[in-house]
Amino acid sequence: MHNYTILKNQRFDAAITDMNDSGNGVCRIGDIVVFVIGGVTGDVCGIKIIKVTSKYAVAMIEELKTPSPHRITPACPYKRCGGCAFQNVDFEYENEIKKNIVSGAFLRAGVSLPVCDVSCSGSFYGYRNKAQFPVGYDKNGKLGFGYYAEKTHDVIFCESCAITKPEFAKIANAVCAAADRYGVTAYDEKTGKGILRHICFRSGKSGIILTLVINSDTLPHIKEIITEIIGVFGNIFSIFLNVNKKSTNVIYGDKFINVYGDEMLTDELCELTFDIAPASFYQVNHDCCEAMYNKAASLLDLKGGETVVDLYCGVGTVGMCAARNANKLIGIEIIPEAVENAKRNAIRNGFKNAEFYCGDSSVVKSVVSGKIDALIVDPPRKGLSDDVISSIIDLKPEKLLYISCDPNTLARDLQKLLIHYTADRAYPFNMFPRTGHVETVVLLTKK
């Protein structure tokens, strides 16, 4: 119970003392925690309360009286997208915040594990090799693209995006203009009508894959649109249509149709070459991913002769990069196209004793016999299920390398795994600069 009361629309002078992973400043009014939209640690400002709950309040800045020394002018003019939580703080402080996010998650979960300084390789802007833009009608009734406003499906139209490859927005603009001229309609979630849902990109060394997600079996005037686009953008390596006629928030449907160029994108990572299908998982930040995988390899410290299992292996990148000295590599992945990618990539990179299987973690026990020297897990944001953790404990790998994209689920899982394993420290990587996300690597060793 609070011993202080605040009400909506009240105004206060406040000093911002911290920031959370949503990029909101944190202060206290009495004993009440207040999240200040756009606040930066060190700001002194006049705030207005816009929301009050039983546990916290939310405020907006009405007057910035003394700006924080960490505050910078955002590179992006679009405020409602909500993707770049830290675009108004300097890069050094962003890394400090992200270290504190990991440390805070561990503290709340009761995990006693030192956290290293955050590593960040490459640029803080223009790094994303993947983008997925929803399509809608702008205020002039023209087709446009952008991002969904935070916690809504309202499209915030934009001409560019500071953290994606600059070519993506230029191509998306050209696609919308061409589609408009040929009478292609935008998909409307409320009615289920309209054709063009998303414009998606993935880039690598070989060029750019452009995927148009459609609420139809085909895209009207597709040949004319392709001719226009590739006539201007010679770096487009291939174009796909993806058919998604379901009423769903999931971007991709099951059916991909290659309408131009090769079916696979090629990229190089840690001196290895990988083929990547449009929907296969691949880290969005090439330079930071390379640094993280090199760190993973040094932590595993394989001498040769080991058997390594790579759960959630995707197209095989982490296993091949981090465990190239292994005698045997076994990868398991639930997406069939990614498994086929991984098999091709193993052959391409000279891995003669690598096997890849399609399925979830329950497949491990049926395909692995004998001792496992190292197990690599790189799960989605929800982390490891109790079944997966039980399987890991039963398999008794000597080393367990955990790559996490969510500090909270990592901390939750470590709480269970550290009963059976020890860990030295956690290594965070700023894989997603300007956003609230942080990737973390932990090596666990069997007790």
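Quick note: the coordinates plus some simple rules give every number you see, no bench work behind them. Quantities reported herein were computed from a predicted structural model and do not represent experimental measurements. Neighbour counts are summed over all protein chains in view; Cβ atoms, including those assigned to glycine, are modelled from backbone coordinates with ideal geometry.
Points to keep in mind about this one:
- Of LYS303/LYS399; LYS48/LYS79; LYS79/LYS193; LYS65/LYS99, pairs whose Cα-Cα distance is over 22 Å: LYS79/LYS193; LYS65/LYS99
- Segment 51-125: C-alpha gyration tensor shape, a/c 1.5 cut-off, then a/b vs b/c: oblate
- Under the convention that each Lys and Arg Cβ holds +1 and each Asp and Glu Cβ holds -1, the size of the dipole of the chain around its Cα centre is about 700 debye.
- Overall, segment 11-66 carries a charge dipole of about 200 debye about its Cα centre when +1 sits on the Cβ of Lys and Arg and -1 on the Cβ of Asp and Glu, all other atoms neutral.
- Cα gyration tensor shape for segment 335-447, rounded if a/c is under 1.5, else prolate or oblate: oblate
- Of all DSSP-defined beta bridges confined to segment 122-262, some 75% are antiparallel rather than parallel.
- Exposure proxy ranking, count of Cβ atoms within 10 Å, fewest first, for ASP275, ASP90, ASP154: ASP154, ASP90, ASP275
- Only Lys, Arg (+1) and Asp, Glu (-1) charged, at Cβ; segment 130-265 dipole about Cα centre in debye: 160
- Cross-link table LYS151/LYS255; LYS245/LYS352; LYS328/LYS382; LYS190/LYS382, entries beyond 32 Å C-alpha to C-alpha: LYS245/LYS352
- Partner aspartates and glutamates for LYS130 [C-alpha distance under 12 Å; skip if fewer than 8 residues away on the same chain]: GLU167
- Among TYR357, SER385, PRO336 - extreme Cα towards positive end, dipole of segment 324-447, charges at beta-carbon: TYR357
- Furthest towards positive pole of dipole, THR227, CYS176, ILE163, structure part segment 130-265, Cβ charges: ILE163
- Beta bridges from DSSP with both residues in the chain: antiparallel share about 65 percent, rounded to the nearest 5.
- Counting beta carbons within 10 Å around each of PHE240, PHE274, PHE256 and listing the fewest first gives the order PHE256, PHE240, PHE274.
- Relative contact order computed over segment 202-361 (Cα-Cα under 8 Å; 6+ residues apart), in percent: 17
- Of all DSSP beta bridges in segment 341-447, antiparallel share, percent nearest 5: 75
- For segment 265-324, relative contact order (Cα pairs under 8 Å, six or more residues apart, normalised by length) works out to 38 percent.
- The ranking of ARG348, ARG71, ARG381, ARG434 from fewest to most other beta carbons within 10 Å of each one's beta carbon is ARG381, ARG348, ARG71, ARG434.
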